[in-house]
1. So which strands (runs of 3 or more DSSP E) are wholly in the range 52-148 and hold at least 1 residues that are assigned by TED's automatic domain parsing to the domain that holds Glu266 and aromatic (Phe, Trp, Tyr)?
2. If Arg407 meets every condition in (1) more than 27 Å from Leu332 (Cα to Cα); (2) in a helix (DSSP H, G or I); (3) among the charged types (D, E, K, R) apart from one, which number is that one?
3. Would you be able to tell me the number of residues in the range 147-179 that are within 16 Å of ligand 2 (Cβ to nearest atom), among the polar types (S, T, N, Q) and more than 15 Å from Gln194 (Cα to Cα)?
4. Being of a type in the set (Gly, Ala, Ser), surrounded by fewer than 23 Cβ atoms within 10 Å (Cβ to Cβ) and touching a strand residue (DSSP E or B) at 6+ places or on another chain (Cβ under 8 Å) is the requirement here; does Ala395 meet it?
5. Between residues in the range 217-238 that are within 14 Å of ligand 1 (Cβ to nearest atom) and residues that are of a type in the set (Ser, Thr, Tyr), which pairs lie under 6 Å by C-beta distance while being six or more apart or on different chains?
6. Can you pull out the residues in the range 104-118 that are within 16 Å of ligand 2 (Cβ to nearest atom) and closer than 24 Å to Lys250 by Cβ?
7. Being in contact (Cβ under 8 Å) with a residue 60 or more places away in the chain and within 27 Å of Asp257 (Cβ to Cβ) is the requirement here; does Gly289 meet it?
Amino acid sequence: MANTKITRYICSECGYTTTTKTGKCPSCGSWGTFEILQEAKSELPSQNQLPNVKIISALEVKPPQRIATGIDEFDRVLGGGLVPGGVVLIGGQPGIGKSTLLLQAAGSVAEKSGSPVLYISGEESDAQIALRASRINTASEKLYLYSGTNLEDALRNVEGGKFSFIVLDSVQAMTTGNDAGWPGTMTQVRAVAQRVIDCAREHNIPIVMIGHITKDGKIAGPMILEHMVDTVLNFSGEGYSSYRMLRAVKNRYGSTDELGVFEMGEEGLMPVSDKSGLYWNRDDSAVAGVAMTIALEGNTPLAAEIQTLAVRTIFQYPRRTSRGIELNRFQLLTAVIDRRCSISTSNHDLYINVAGGLSLQDPSADLPSCAAIASALKNVPLEAGTCWLGEVGLAGEVRPVTRIDLRLKEAARLGFHTAVVSSRENVKFNGIKIVRVKNINGALSGLSSMKP
Ligand code: TYD
Ligand code: MG
């Protein structure tokens, strides 16, 4: 009988399988990613025989021992610190401060733990790193540098070094294996990552790898890279601002809800502990068209200032422009105000902006946006010291928001005296006067009766 075994190929990017090897994957569009699929042989054990499984409830519960870097904002996002044997991948735009953050962390661990830390740099020369180290004042004698792109050569130090922490800058700059190829190619990035993970597990050392990102914000390299590591962090910031945000996208050892904020200064990255101050002008005088809210970034409450401007239109169709709030959402809320509060919007161009460049996706920004729009149209300021927390539906109803307790606590801490919330909100809180409203008309009744 003829041999009927068919060779199958799998795309290393998306897992698409085919019997015809092509240059471009028809599923995800990647080039040169097909490999021969090795079919796994399955040998099923006979019934009632489970030779290599365990009962989960009988396993010993051991929380991971963590190594704090001493940089609180970084440790919090990691879930309490680095985990020995765990591998973290941190991505971000060029120049955002990835190397600075990790050099600070490496210096801090070396100083605190007293055991050696290895910084592997495939990107910069000794002089460049020495200059950065002096800017950020890392003077630890336990901080070692390997500069070069050969990963095997770099990791040879690990055998005799007893390192407590390793940084790899960056996963795209290194090469490994005999058929080295160009650094940064799909196969090289994957091989480097696998080698780093093996090293971390074998020596029980935490390793942080820095990763470049592509134009659309994803980490450059195969998609599988993010699955291979334990934690993926994203370091971001706006070009014009010196603030930098650190968020976990994936975390096997902690939550992904924490936000770390830093400010890039003359001496490196400084932690910012009062995050609410970032986006708030803290002006007590009330201005028409401005409403305050407490937004949530993961688990971090942030005071946000929503500003609206209404200008009599000279066009046939009034303009609607938004920044920080999705334009469709803004148009929808404008329509709700027009219809449900009897406040005419059709003669005015409307502009909405969230101060400080913050972008709000949280539906709790609906009620403050509506309050700001109505206040701008009527040219009547809202009461100072009041924050607005609610989602608004098309019927004009005001709905509850998530984590109201956390938001009210932050509002009280920041000195707000009143919070306007949904009547369906089931919360008791003493620090602040709570005004419950059923619908948007009720919430803005004072304004809608006033003449513009
Ligand atoms: P860097 O850490 O090299 O960024 P990345 O590794 O993400 O590419 O940071 C580069 C920028 O940070 C550079 O433009 C200079 C600035 N910087 C400061 O403003 N202050 C400092 O103390 C340091 C070290 C860098
Ligand atoms: Mg760098």
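1. On the way: elements: 87-92, 117-121, 143-147.
Correct list: 117-121, 143-147.
2. Just one mismatch for Arg407, condition (1).
3. Result for the range 147-179: 2.
4. Numbers: of a type in the set (Gly, Ala, Ser): yes; surrounded by fewer than 23 Cβ atoms within 10 Å (Cβ to Cβ): yes; touching a strand residue (DSSP E or B) at 6+ places or on another chain (Cβ under 8 Å): yes.
Yes, satisfied.
5. Pairs found: Ala220/Thr214; Gly237/Tyr243.
6. Once the filter is applied, which keeps residues that are within 16 Å of ligand 2 (Cβ to nearest atom) and closer than 24 Å to Lys250 by Cβ, the range 104-118 yields Gln104, Ala105, Ala106.
7. no
This table checks each residue for (1) touching a Ser or Thr at 6+ places or on another chain (Cβ under 8 Å); (2) of a type in the set (S, T, N, Q).
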| position | (1), (2) |
| --- | --- |
| Ala365 | yes, no |
| Ala371 | no, no |
| Ser375 | yes, yes |
| Val380 | no, no |
| Lys409 | no, no |
| Gly415 | no, no |
| Ala419 | yes, no |
| Lys433 | yes, no |
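The values are calculated or read from the model by the stated rules, or taken from the named source; none is laboratory data. Owing to the predicted nature of the structure, the values given are computational and were not obtained by experimental measurement. Note that we place each Cβ from the backbone using ideal geometry, even for glycine, and neighbour counts take in every protein chain shown.
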